[in-house]
Amino acid sequence: MTDDSLLIARRAAYADTIRGLGRRERGLGFVACLLGALLLIWGRTVEGAPFWAVVAGLVTIGAGWLLFAYVIIRRAGYVRAHPFDPQS
């Protein structure tokens, strides 16, 4: 392997590591946003739906976005603690 191809491989491995951080939390956040949207739609469109459905939908969507923010902060902390070093 040449130096350029080795550097590209290391950079790709570093990017894959960063993408892998918080994968489960990201998935849970996505599912929470979807469930919250379904609750919100159900609470707003179905006649006779309880009022708590709208509130629960908004809270669930907010929790999903908080999970997304947590993953972003966690990734930023990892990148600060482990900067890319092509020599390692």
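Quick notes on this structure:
- Some residue of the stretch 59-76 being of a type in the set (Phe, Trp, Tyr) and loosely packed, with under 15 Cβ neighbours inside 10 Å: yes
- Residue in the stretch 15-37 that is within 23 Å of Phe84 (Cα to Cα), small (Gly, Ala, Ser), open to solvent by 40 Å² or more (accessible area, probe 1.4 Å) and free of Cβ contacts under 8 Å to residues at least 12 places away in the same chain present: no
- Residue check for Arg11: under 25 Å from Ile72 (Cβ atoms), at pLDDT below 95, in contact with a Pro (Cβ under 8 Å, 6 or more places away or on another chain) and open to solvent by 90 Å² or more (accessible area, probe 1.4 Å): yes
- Members of the stretch 43-54 that are surrounded by fewer than 15 Cβ atoms within 10 Å (Cβ to Cβ) and under 23 Å from Phe68 (Cβ atoms): none
The values are calculated or read from the model by the stated rules, or taken from the named source; none is laboratory data. Remember, predicted model here, so these are calculated numbers, not experimental data. Neighbour counts are summed over all protein chains in view; Cβ atoms, including those assigned to glycine, are modelled from backbone coordinates with ideal geometry. These area figures cover heavy atoms from the full protein model, side chains too; ligands, DNA and RNA do not enter into them. Shrake-Rupley method; radii C 1.70, N 1.55, O 1.52, S 1.80 Å.
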